[in-house]
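Novice: The structure under discussion is supplied below as structure tokens; questions concerning it will follow.
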Amino acid sequence: MVTRQLTVAMQHAHLYYYTRTMAEQEMLINQIVRCVRSSLDLDTILETVTRELCAAISADRCQILQPDASGPLVVSHEYCNQGLRPTKGINLYAQEINFSPSQTEAVFAAGNFLLGIDLEKLSRRNGDLGVERVMKEQPYDPWLVAVINNTEADARAAAFRYFLLSSESKSLIAAPLLSANRIIGLLVVHQCDGARTWRSGEVQLVAAIADQLALAVTQAHLFAQVKYQAITDGLTGLYNHVYFQNRLAEELRLSDRKGLPCSLLMLDLDLLKHINDTYGHPVGDAAIRQVATALKTLLRSGDTAARYGGEEFAIILPETSLLEAALIGDRLCTHIANAQVPGLGQITISVGAASYPRQAKDARELIAKADQALYEAKKCGRNQLWISESVAENATNNGESVPEFRVTRRLALAGGRKEDESGVESRNVYGQTRAE
């Protein structure tokens, strides 16, 4: 009778433990799902997941690995118990490897394992290639999650010895983050104080959370892509007009707080209509892209270049004086005049410069002043930079705008023939004389 009562009590205890564990896991998954749905901040989601998952299964370390410039899979987010050394930035592999399941045969000649995940089987799991079916009694898919109870004795861990030593891992569960049959990351849970036999419920939980994480990462990447497309120009890759206006307003507010100037350059590609009419619009687009490439190459990291509209560009130069802005604009003129556009040859730009608060009291006036200087540069021959001062700033100009600083780049220097002593006119790259 005692043994029968003990048997019932043990069964009830196991059932209670199983029910409580399943309830805790369900609560954790629901919390993660809510976090994924309510936040578009990927860092917040991943930090929450690593912390909660580590506590839910009493693991020592939980990592999320993603590709970046330093390696194919790098620890990007991590939570670990006190006393353990952080491993953010640790590479899983030392060289770039394509982890797409469809490319696994080209990656490894044999034994294509990713911390115990058989990528070869994973690549064929949706095909009819005779891969073994998962046993009905198997609580998780072994192709989607790897369990290594002892990293020192398991041969699958040998290729990742440096990573495991850095993570102080003695036992682990690893699950890939899959998007459209492509691995976009890896979720790894470690036990660091000794070997551990992971229960099936714990493995199922890691696999379920990996699915939610894959959705979160994919969603965040799509959102970032849409956001990027909303603020950039499709032809040049520069910021668009809307972003430029918002950024300029913000930079002027920063200028007021810091007490430093903020300058603006307005650029215009010379004779774009003539290029389009003579050489075709594809060549005109190539010329516009050439200007954009020069801006990306020559500008400083804190500067903001935008396509203002058509062939016109705008450059915000924070903490830059009027003279410094003019020197930057002059360098742009020189660089673009010396560049080559396929099918066209050399091109030139005209530049106007203005500075806040010296010449303008707000963003609208700053744009107007820089645009006025640009108009003066084009009217006086193009391929040059002008800065026009107002009457209040220069009382000696008799009510007319005059250049305080001007750097002239004659059209002849942009590739045309110089005028010889016999008086033969020089022509620029577009076949026009200076007068034209």
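The values are calculated or read from the model by the stated rules, or taken from the named source; none is laboratory data. Worth saying up front: this structure is predicted, and the values here are computed from it rather than measured. Neighbour counts are summed over all protein chains in view; Cβ atoms, including those assigned to glycine, are modelled from backbone coordinates with ideal geometry. The protein model used for the area step is the full one, side chains on, heavy atoms only, and it has no ligands, DNA or RNA in it. Shrake-Rupley method; radii C 1.70, N 1.55, O 1.52, S 1.80 Å.
Novice: Can you go through Thr320, Thr334 and tell me which one is closer than 16 Å to Ala377 by Cα and either in contact with an Asp or Glu (Cβ under 6 Å, 6 or more places away or on another chain) or in contact (Cβ under 8 Å) with a residue 12 or more places away in the chain (or both)?
Specialist: Thr334
Novice: I'd like the residue in segment 247-277 that is among the acidic types (Asp, Glu) and farther than 19 Å from Gly329 by Cβ and, out of all such residues, is modelled with the lowest pLDDT.
Specialist: Per the criteria, the residue is Asp277.
Novice: Has segment 322-345 got any residue that is under 19 Å from Thr232 (Cα atoms) and touching a strand residue (DSSP E or B) at 6+ places or on another chain (Cβ under 6 Å)?
Specialist: Within segment 322-345, none of the residues are under 19 Å from Thr232 (Cα atoms) and touching a strand residue (DSSP E or B) at 6+ places or on another chain (Cβ under 6 Å).
Novice: A follow-up question, please. Can you give me the number of residues within segment 283-317 that are assigned to a helix (DSSP H, G or I), without any contact (Cβ under 8 Å) to a residue 60 or more places away in the chain and not small (Gly, Ala, Ser)?
Specialist: Selection size over segment 283-317: 10.
Novice: Tell me, which residue of segment 141-151 that is at pLDDT 90 or above and open to solvent by 10 Å² or more (accessible area, probe 1.4 Å) is farthest from Lys121 (Cα to Cα)?
Specialist: Only one residue fits best here, namely Asn150.
Novice: Then there's this: Mind checking whether some residue in segment 29-39 is modelled with pLDDT of 85 or more and open to solvent by 20 Å² or more (accessible area, probe 1.4 Å)?
Specialist: no
Novice: Only residues that are open to solvent by less than 40 Å² (accessible area, probe 1.4 Å) and under 21 Å from Ile231 (Cα atoms): list them for segment 243-260, please.
Specialist: Correct list: Phe244, Leu248, Ala249, Glu251, Leu252.
Novice: Quick one: would you say Leu267 is touching a residue at least 60 places away in the same chain (Cβ under 8 Å) and buried (at least 22 other Cβ atoms within 10 Å of the Cβ)?
Specialist: yes
Novice: Is it true that some residue in segment 342-352 is over 21 Å from Leu298 (Cα atoms), at pLDDT below 90 and open to solvent by less than 20 Å² (accessible area, probe 1.4 Å)?
Specialist: No, the conditions are met nowhere in segment 342-352.
Novice: While we're looking at this one, here's another question. Here are the criteria: (1) in a strand (DSSP E or B); (2) within 26 Å of Gly343 (Cβ to Cβ). Tell me which single one Met266 does not satisfy.
Specialist: (2)
Novice: Taking the stated definitions as given, is Ser355 outside any helix (DSSP H, G or I), at pLDDT below 90 and in contact with a Ser or Thr (Cβ under 7 Å, 6 or more places away or on another chain)?
Specialist: Answer is no for this residue.
Novice: Can you tell me which of (1) out of contact with any Cys (no Cβ under 7 Å at 6 or more places or on another chain); (2) open to solvent by 60 Å² or more (accessible area, probe 1.4 Å) is the one Lys170 doesn't meet?
Specialist: (1)
Novice: Given the options Phe113, Phe108, Phe99, name the one that is open to solvent by less than 40 Å² (accessible area, probe 1.4 Å), at pLDDT below 85, within 30 Å of the chain's Cα centre (by Cα) and of a type in the set (A, V, I, L, M, F, W, C).
Specialist: Phe99
Residue by residue, here is whether (1) farther than 15 Å from Ala146 by Cβ; (2) charged (D, E, K, R); (3) assigned to a loop (DSSP other than H, G, I, E, B); (4) open to solvent by 40 Å² or more (accessible area, probe 1.4 Å) holds:
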position	(1), (2), (3), (4)
Leu164	no, no, no, no
Ala195	yes, no, yes, yes
Gln204	no, no, no, yes
Ala230	yes, no, no, yes
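Novice: Only residues that are over 30 Å from the mean Cα position of the chain (by Cα) and buried (at least 23 other Cβ atoms within 10 Å of the Cβ): list them for segment 272-291, please.
Specialist: Ile275
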